[in-house]
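Participant: Okay, here's the structure, questions in a sec.
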Amino acid sequence: NAGVMQNPRHLVRRRGQEARLRCSPMKGHSHVYWYRQLPEEGLKFMVYLQKENIIDESGMPKERFSAEFPKEGPSILRIQQVVRGDSAAYFCASSPPRQSSTTDTQYFGPGTRLTVL
Amino acid sequence: RKEVEQDPGPFNVPEGATVAFNCTYSNSASQSFFWYRQDCRKEPKLLMSVYSSGNEDGRFTAQLNRASQYISLLIRDSKLSDSATYLCVVSPNTGKLIFGQGTTLQVKP
């Protein structure tokens with residue numbers, strides 16, 4: 001059973017370009033989460049999605065960032081007009097359908113390292 | 001004030017030592033608690049969940065004090081392979097995880 005897959009693993013963009021980060025959850029998982037880790041900092045929650053629905057986007061910057069998890073295909077985190085401050089590791093995690101009110105284990109992908117020149 | 005606070009360390013200990021990490025959280029509505037491990041800025045991996053009654057997994061023991069909003073992790077008989085950053089994580093059970101900055105452990109031969 002393949003784990004959470006992310007691509008690309010490394011992405012270099014110039015200021016003003018767009019970055020698209022992809023995440024394929026583990027088989028059978030219908031919940032996807034995106035986190036960002038800035039240099040020398042901890043992981044920060046960005047967004048929680050289910051298929052075709054955004055459940056919680058309270059951690060997303062108000063501008064330039066968007067996320068989707070379509071019915072078919074991977075989840076996409078899109079950053080428009082990137083700036084140097086967007087340079088970070090972006091981790092995706094997935095979990096199975098929630099069975100109870102407790103938090104299910106989230107399994108993390110290897111991350112995408114975004115560098116903005 | 002950060003939602004989850006940890007001493008960043010680094011903690012430098014010899015092999016075989018016992019080391020303890022502490023963590024405090026500010027949101028009393030937090031429902032689930034975890035310790036994750038992160039190696040060299042790779043993806044975090046779940047080390048163990050933390051329960052009010054305390055729980056143990058081999059050389060690792062986790063404790064939770066809800067009244068004090070305090071979580072701990074004890075590692076006995078440290079191995080070189082334990083060198084990593086240990087992340088204290090809480091969740092309000094709405095899906096998202098809230099991470100501490102992490103405590104770095106370096107085990108020396």
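The values are calculated or read from the model by the stated rules, or taken from the named source; none is laboratory data. Treat the numbers as computed from the prediction; the structure is a model and nothing was measured. Glycine gets a Cβ as well: all are built from the backbone with ideal geometry, and neighbour counts include every protein chain shown. These area figures cover heavy atoms from the full protein model, side chains too; ligands, DNA and RNA do not enter into them. Shrake-Rupley method; radii C 1.70, N 1.55, O 1.52, S 1.80 Å.
Participant: Just tell me how shielded B:89-100 is by partners: mean number of partner chain Cβ atoms within 10 Å of each residue's Cβ, no decimals.
Facilitator: Counting Cβ atoms of other protein chains within 10 Å of each residue's Cβ and averaging gives 6.
Participant: Also: Give the accessible surface of region A:1-105 per residue, rounded to a whole number of Å², with probe radius 1.4 Å and ligands, DNA and RNA excluded.
Facilitator: 54
Participant: For the ranges B:1-9, B:79-87, what's the packing order if you count other beta-carbon atoms within 10 Å of each residue, average per peptide, and put the highest first?
Facilitator: The most tightly packed comes first, giving B:79-87, B:1-9.
Participant: If each residue of separation counts as 0.36 nm, what is the full-extension length gain between residue B:17 and residue B:46 once their alpha-carbon separation is subtracted?
Facilitator: 8.2 nm
Participant: Would region B:33-80 count as rounded, prolate or oblate if I go by the C-alpha gyration tensor, calling it rounded below 1.5 in a/c and otherwise prolate when a/b exceeds b/c, oblate otherwise?
Facilitator: Since a/c reaches 1.5 but b/c is at least a/b, the shape of region B:33-80 is classed as oblate.
Participant: Tell me the relative contact order for chain A as a rounded percent, counting alpha carbon contacts under 8 Å between residues six or more apart.
Facilitator: 36
Participant: Shifting gears a bit: When chain B is treated as a GNM, springs tying every alpha-carbon pair under 10 Å, which of B:62, B:29, B:17 comes out with the largest mean-square fluctuation?
Facilitator: Looking only at B:62, B:29, B:17, the largest GNM fluctuation is found for B:29.
Participant: Could I ask something else about it? Evaluate peptide A:36-45: per residue, the Cβ atoms of other protein chains within 10 Å of its Cβ; return the mean as an integer.
Facilitator: Per residue, the average neighbour count from other chains is 5.
Participant: Please sort B:51-59, A:15-23 by packing, taking for each peptide the average over its residues of neighbouring beta carbons within 10 angstrom, highest first.
Facilitator: A:15-23, B:51-59
Participant: Kindly report the accessible area of region B:20-109 per residue (heavy atoms of protein chains, probe 1.4 Å, no ligands, DNA or RNA), in Å².
Facilitator: Dividing the accessible area of region B:20-109 by its residue count gives 43 Å².
Participant: While we're here: What's the percent breakdown of Cα-Cα distances in region B:1-91 across 5 Å bins, shortest bin first?
Facilitator: 3, 13, 26, 26, 19, 9, 3, 0
Participant: Apply 1/(1 + (r/R0)^6) to the Cβ-Cβ distance of residue A:27 and residue B:74, taking R0 = 41 Å, and write down the FRET efficiency to the nearest 0.05.
Facilitator: Efficiency computed from Cβ-Cβ geometry: 0.70.
Participant: OK, next. Ignoring solvent entirely, what values of log10 I(q)/I(0) come out of the Debye formula for region A:1-53 at 0.24 Å⁻¹ when each Cα is a single scatterer?
Facilitator: -1.17
Participant: State the answer as a single residue: which of A:93, A:112, A:67 lies farthest towards the positive end of the charge dipole of region A:42-117, with beta carbon charges of +1 for Lys and Arg and -1 for Asp and Glu, about the Cα centre.
Facilitator: A:112
Participant: Ignoring any ligand, DNA or RNA, what whole percent of the accessible area of the protein assembly as shown comes from carbon and sulfur when the probe is 1.4 angstrom?
Facilitator: Of all accessible area on the protein assembly as shown, carbon and sulfur atoms account for 47 percent.
Participant: In Å and from the alpha-carbon atoms only, list the Rg and Dmax of the protein assembly as shown.
Facilitator: For the protein assembly as shown, the Cα radius of gyration and maximum Cα-Cα distance read 17.8, 51 Å.
Participant: Can you put A:105, B:103, A:115 in order of accessible area, largest first, using a 1.4 Å probe?
Facilitator: If we order A:105, B:103, A:115 from most to least accessible, we get A:115, A:105, B:103.
Participant: So which trypsin sites (Lys or Arg not before Pro) in region A:31-97 end up in coil per DSSP with only 13 or fewer other C-beta atoms within 10 Å?
Facilitator: Sites meeting the loop and neighbour criteria: A:51, A:62, A:71.
Participant: Averaged over peptide A:104-116, how many Cβ atoms belonging to another chain are found within 10 Å of each residue's Cβ?
Facilitator: Across the residues of A:104-116, the mean count of other-chain Cβ atoms within 10 Å is 3.
Participant: Something else now. Taking a probe of 1.4 Å and counting only protein heavy atoms, give the total accessible area buried between chains A and B in Å², rounded to the nearest 100.
Facilitator: Protein heavy atoms only, the A-B interface buries about 1700 Å².
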